[in-house]
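Contents: one structure, followed by commentary.
The values are calculated or read from the model by the stated rules, or taken from the named source; none is laboratory data. Since we're looking at a predicted model, the values are computed, not measured. FYI the Cβ positions are ideal-geometry reconstructions off the backbone, even for glycines, and counts take in every protein chain you see.
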Amino acid sequence: MKNYFSLSKTPFYSFVFTVPLFILYEIGVLAVADDDIYILRNGADVFLRQILESFGVMGLYGFSGLLFLGFLGTFMYQRHTWEDTTLNSNTLISMLFESIFWAIVLYFSLAHVMVTLMNPIGIMITQQVVLALGAGLYEEFLFRVLLIAGIGALLTMLFQWNDSFAKWIGMFLSAIIFSLFHFMGDFGDDFHFNIFFIRFIAGLILGTLYMLRGFGITAYAHSIYDLIVLTRMTTIGY
């Protein structure tokens with residue numbers, strides 16, 4: 001059990017575990033978006049692509065390619081630093097079940113409020129499924145992986161704080177930014193403090209999960225949570 005918790009948190013297993021989510025999202029976008037492909041894409045996905053475009057990385061697949069290369073680079077780095085990179089399929093299966101467990105915990109933590117971590121209003125069910133997949137992958141990459149590391153590094157540099165403490169503060173701040181992000185742009189929600197607070201709590205839960213269990217499990221937990229909410233909304237009303 002101890003070996004599972006250490007292995008499943010590593011970038012090596014996060015890479016292998018999230019590749020299917022990445023592929024499903026990209027295929028889903030191509031399958032259902034047609035001419036509205038930029039509108040359909042997850043907000044964090046679009047935001048990251050716009051940043052890259054400002055540096056001259058253009059095109060629909062620019063970010064997808066760079067993200068995949070980043071994952072691949074992490075994988076290759078792991079191969080050079082591990083004595084053993086044998087892939088254990090039981091570990092991946094256990095990670096999936098653990099992700100489902102945390103998605104259910106997240107759902108029941110927010111069960112009494114009518115809010116999702118995405119904004120699915122006005123689009124078809126198939127598009128909502130695709131957005132749910134993208135939310136776990138891209139929002140967790142932006143708000144957990146990049147923001148927590150970036151804010152943590154900045155706080156460590158400015159205040160000479162312990163690296164671990166700085167990352168936990170970064171996690172708290174990233175949860176605020178994560179919640180505010182859902183109110184930005186043409187497709188954002190109207191701001192209400194109650195909705196902001198609930199999404200902030202969701203950001204704290206997901207951030208804590210990322211800090212303790214790594215990117216892969218957090219990404220799947222977020223996507224599965226959105227799919228659970230989507231199923232509830234379309235079957236019995238929410």
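Examine segment 184-194 for a residue that is more than 20 Å from residue 102 (Cα to Cα) and either outside any loop (DSSP other than H, G, I, E, B) or under 16 Å from the mean Cα position of the chain (by Cα) (or both), and state whether such a residue exists.
Yes: segment 184-194 contains one or more residues that are more than 20 Å from residue 102 (Cα to Cα) and either outside any loop (DSSP other than H, G, I, E, B) or under 16 Å from the mean Cα position of the chain (by Cα) (or both).
So that you can scan it fast, the table gives a plain yes or no per residue for (1) assigned to a helix (DSSP H, G or I); (2) surrounded by 15 or more Cβ atoms within 10 Å (Cβ to Cβ); (3) under 14 Å from the mean Cα position of the chain (by Cα):
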{"site": "158", "(1), (2), (3)": "yes, no, no"}
{"site": "164", "(1), (2), (3)": "yes, no, no"}
{"site": "170", "(1), (2), (3)": "yes, yes, no"}
{"site": "198", "(1), (2), (3)": "yes, yes, no"}
{"site": "203", "(1), (2), (3)": "yes, yes, yes"}
{"site": "216", "(1), (2), (3)": "yes, yes, yes"}
{"site": "226", "(1), (2), (3)": "yes, yes, yes"}
{"site": "233", "(1), (2), (3)": "yes, yes, no"}
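Please state which one of 181, 172 is aromatic (Phe, Trp, Tyr) and at pLDDT below 95.
Among 181, 172, only 181 is aromatic (Phe, Trp, Tyr) and at pLDDT below 95.
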